[in-house]
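Before any comments, here is the structure.
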Amino acid sequence: MSKDQGLSDKVKGKVNQAKGEVKDQVGNATDNPNIQREGKKDKLKGSIQEAAGKAKEDSHRY
């Protein structure tokens, strides 16, 4: 596993969180619960990816 793997996961996580926030807001504005639900799932996925990236970075420190 390369040292930048944690950073890659953190960046992907942030991107998914941002994408999810946009979907969530669009779904809310258009009163479309399906898009809003997709957005919430993307935000959760991004949070998990970011946490995994932080854990990988932390594991390389010790």
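Can you tell me which residues in the stretch 1-55 are of a type in the set (Val, Ile, Thr) and either in contact with a strand residue (DSSP E or B) (Cβ under 6 Å, 6 or more places away or on another chain) or in a helix (DSSP H, G or I) (or both)?
Val11, Val15, Val22, Val26, Ile35, Ile48 - these are the residues of the stretch 1-55 that are of a type in the set (Val, Ile, Thr) and either in contact with a strand residue (DSSP E or B) (Cβ under 6 Å, 6 or more places away or on another chain) or in a helix (DSSP H, G or I) (or both).
Test each condition in (1) in contact (Cβ under 8 Å) with a residue 12 or more places away in the chain; (2) more than 17 Å from the chain's Cα centre (by Cα) for Glu21 and report the one that comes out false.
The failed condition is (2).
How about the stretch 37-62: which of its residues are farther than 15 Å from Leu7 by Cβ, open to solvent by 50 Å² or more (accessible area, probe 1.4 Å) and without any contact (Cβ under 8 Å) to a residue 24 or more places away in the chain?
Arg37, Glu38, Lys40, Lys41, Tyr62
Quick one: how many residues across the stretch 25-45 are within 13 Å of the chain's Cα centre (by Cα) and acidic (Asp, Glu)?
Looking only at that region, the number is 2.
The values are calculated or read from the model by the stated rules, or taken from the named source; none is laboratory data. Worth saying up front: this structure is predicted, and the values here are computed from it rather than measured. Cβ sites come from the backbone with ideal geometry, for glycine too, and all protein chains shown count toward neighbours. When the accessible area is computed, the model is the full protein with side chains, heavy atoms only, and any ligands, DNA or RNA have been set aside. Shrake-Rupley method; radii C 1.70, N 1.55, O 1.52, S 1.80 Å.
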